[in-house]
1. Which shape class applies to region 57-254: rounded if a/c is under 1.5, otherwise prolate when a/b exceeds b/c and oblate if not, where a ≥ b ≥ c are the square roots of the Cα gyration tensor eigenvalues?
2. For Val220, put the label point 7 Å out on the Cα→Cβ axis and report which residues of region 228-255 keep their amide N under 11 Å from it.
3. Could you tell me which of the pairs Lys81/Lys124; Lys216/Lys252; Lys49/Lys216; Lys216/Lys247; Lys49/Lys81 are separated by over 31 angstrom between their Cα atoms in the structure shown?
4. Please list, by residue number, every one of the trypsin sites (Lys or Arg not before Pro) in region 96-147 that is coil in DSSP and has at most 13 other beta-carbon atoms within 10 Å.
5. Ser238: net charge of surrounding residues, Cβ under 14 Å, Lys/Arg +1, Asp/Glu -1, itself excluded?
6. Is the shape of region 191-255 best called rounded, prolate or oblate, per the rule: a/c under 1.5 gives rounded, else a/b larger than b/c gives prolate, else oblate, with a ≥ b ≥ c the square roots of the Cα gyration tensor eigenvalues?
Amino acid sequence: MSDTLTSPSQGRWIRAALVIFPAGTIVLGIASFGFWWVKKVKVEERGYKYALALRRDLNEAGLQRHIDILRDVMSQPNAQKIPAVAAYLDSSMGAENMGYQVRRTRFQQGDIELANVDVELTGKQRPREIVLLLATYGDPARTEAEGRSIAMLMSLAHAITGEAGTSTLRLAVVPFGFDPDSMDRFITVARSRDERFMQVLVAGGVSEDTLAALKKAFRVEETGTLITSLPETPDTASTLAAAQALKARLLKAVE
């Protein structure tokens, strides 16, 4: 029975391979990460330039257009109104119009399709810390106020598209007045992503009962979320002024 002998030259090749191949793998890994990072930066730059081209300054004509459309939409019976509001938000704020990836989370209540709709400017450093601008709708006694608050949110979204802060700025419209459970659904989805709401600004001058219900939904005593009710605006001019002030406030909150 003979032993298999390894020549000195074969041994050197084996030792070299053991050194070279892992080193090559590391180099390839570094190179792959470099290519991925450059591609990621280029995609972000293209996205920013595209969003910047879609950005529109706050103006009374644009705001009034949203108010008029929402007034017509929200004058319909609930079975048509609730899904129509979500559809208008989805189509108006999407990639081709305002540059956002719209999230439209659908659910049913009886025969009516409801949806929570939101868009965001994702934070660069603390993306899971959320500053939220919230507009609710579905209360038949507050249709005009709700329409103006949603229109303000949409105009603001158009004016800040492409901005980027340290934490995330999210803008959401939820049919809370029609289905109080819609807010719990919205919060549950966020918590499933390990997100934390730092501030919530509620547009439209909601009632004390609604504000109390929102504080309960966000579990403010447990989470430390700060909820602020913004005053109702009675007309287009005051809504525009409120939007201009709110734009600076929101961008400051996430910088």
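Values in this text are rule-based calculations from the coordinates and carry no lab data. All figures in this text were calculated on a predicted structure; none of them were measured in a lab. Note: ideal-geometry Cβ built from the backbone for every residue, glycine included; neighbour counts use all protein chains shown.
1. Here region 57-254 falls in the rounded category.
2. 228-230
3. From the list (Lys81/Lys124; Lys216/Lys252; Lys49/Lys216; Lys216/Lys247; Lys49/Lys81), the Cα-Cα distance tops 31 Å for Lys81/Lys124; Lys49/Lys216; Lys49/Lys81.
4. Qualifying residues, ordered by number: Lys124.
5. Local charge sum for Ser238: -3.
6. oblate
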